[in-house]
Each structure stands twice: as structure tokens, then as C-alpha cells.
1. Figure the gain on full extension for Lys26 and Ala91 (residue separation times 0.36 nm, minus the Cα-Cα span) and round it to one decimal in nm.
2. Calculate how steeply helix 86-111 sits against the longest principal axis of the alpha-carbon atoms of the chain, using the helix alpha-carbon long axis, and give the answer as 0 to 90 degrees to the nearest 10.
3. What does the net charge come to around Val122 if you take all other residues with beta carbon closer than 12 Å to its beta carbon, with K and R at +1 and D and E at -1?
4. Suppose R0 equals 25 Å; then what is the FRET efficiency for Tyr54 and Leu125 from their Cβ-Cβ distance, rounded to the nearest 0.05?
5. Counting Lys and Arg as +1 and Asp and Glu as -1, what is the net charge of the other residues whose Cβ lies under 13 Å from the Cβ of Arg6?
6. Calculate, in nm to one decimal, what Ala64 and Asp36 gain on full extension: separation in residues at 0.36 nm each, minus their alpha carbon distance.
7. When the helices in the chain are scored as -39500 (n - 2.57) per DSSP H run of 4 or longer and the sum is shared across all residues, what 222 nm value do you end up with, to the nearest 500 deg cm²/dmol?
8. Want the number for Leu7 to Phe78: 0.36 nm per residue separation, take away the alpha-carbon distance, what's left?
Amino acid sequence: MEDVSRLQAALSGLCPRCRQGKIFKKPFYSPRGFDDMYEFCPHCGLRYEVEPGYFIGAMYVSYAISGGVALVLGFLLFYFGGDPEGWVYAAVVAPVMIVIAPINFRISRVIWLHYVAGIKYVKGL
């Protein structure tokens, strides 16, 4: 099998060690189960949550993503919406945060596993 780059593996939601097994059981758009993760990689057996509370750090990544999205939306409203009243900002940003929550959840965990947790890629697994 052809080697997959770290970025390709992260974008595809693949295991950081073997870059072949999936991290999540269902697609992000499934109404139930968008957060269902495999306990172990289906391909190489890597345990994703190595200890209780392991993904608490991913909440910081999620917070940064949400903050960035809210900031961009705020700038867009300010410059293209003529600096509307505060309730308009809240009425636009809050629903967007709710809609992107499943995507944000998954992206933050994948980033945590691939770029922060220190899990090394093992070629040929």
C-alpha cells in the first residue's frame, strides 16, 4: 500500500500510527453516533484513549477552532454587515457554532492524536 502523509491521514480520520485504520465508527454527518470512536485501531490495535481523560486536551484545540470561526464571522459581519447590533452577532455566530460542533469535535480529536499526542508513525504496520 502507498504511504499516506500525516496531513492526508488526519484529513481522512485515520490512525496516527499506521495511517490505515479509521478513528471514528460513523461519518460526522450521521445524526447519532458522530462521536463514536473505536477504542482500538481496527488495523494496528493502537489504543486511542491511552488513559481516562486523555482527550481533555482536545477541548483546547476545539476552543481554538471555535474561537477562530467566531472571530472570522465577527469580522465578516463588521465589515460587510455594517457593524450590526450585538444581537445580530449572537444570532449568526451561535447557530454556526452549534452546526459545526460535530465537525469541530472530530477535528479537534484528530489534531490531538496526530499533532499533539506524540504518537509516531510506524511504516509497514
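1. Values: separation 65, 0.36 × 65 = 23.40 nm, distance 3.02 nm.
So the extension gain works out to 20.4 nm.
2. Its long axis makes an angle of about 10 degrees.
3. That sum, taken over residues with Cβ under 12 Å, equals +3.
4. On the way: r = 21 Å, r/R0 = 0.84.
With R0 = 25 Å, the Cβ-Cβ based efficiency is 0.75.
5. +3
6. Between Ala64 and Asp36, full extension yields 7.8 nm more.
7. Here the helix-only value at 222 nm equals -16000 deg cm²/dmol.
8. Contour length minus the Cα-Cα distance gives 22.2 nm.
None of the figures in this text is laboratory data; all of them are computed from the coordinates on show. Here the structure is a predicted model, which means the values were calculated and not measured. In this analysis, Cβ positions are derived from the backbone assuming ideal geometry, glycine residues included, and neighbour counts consider all displayed protein chains.
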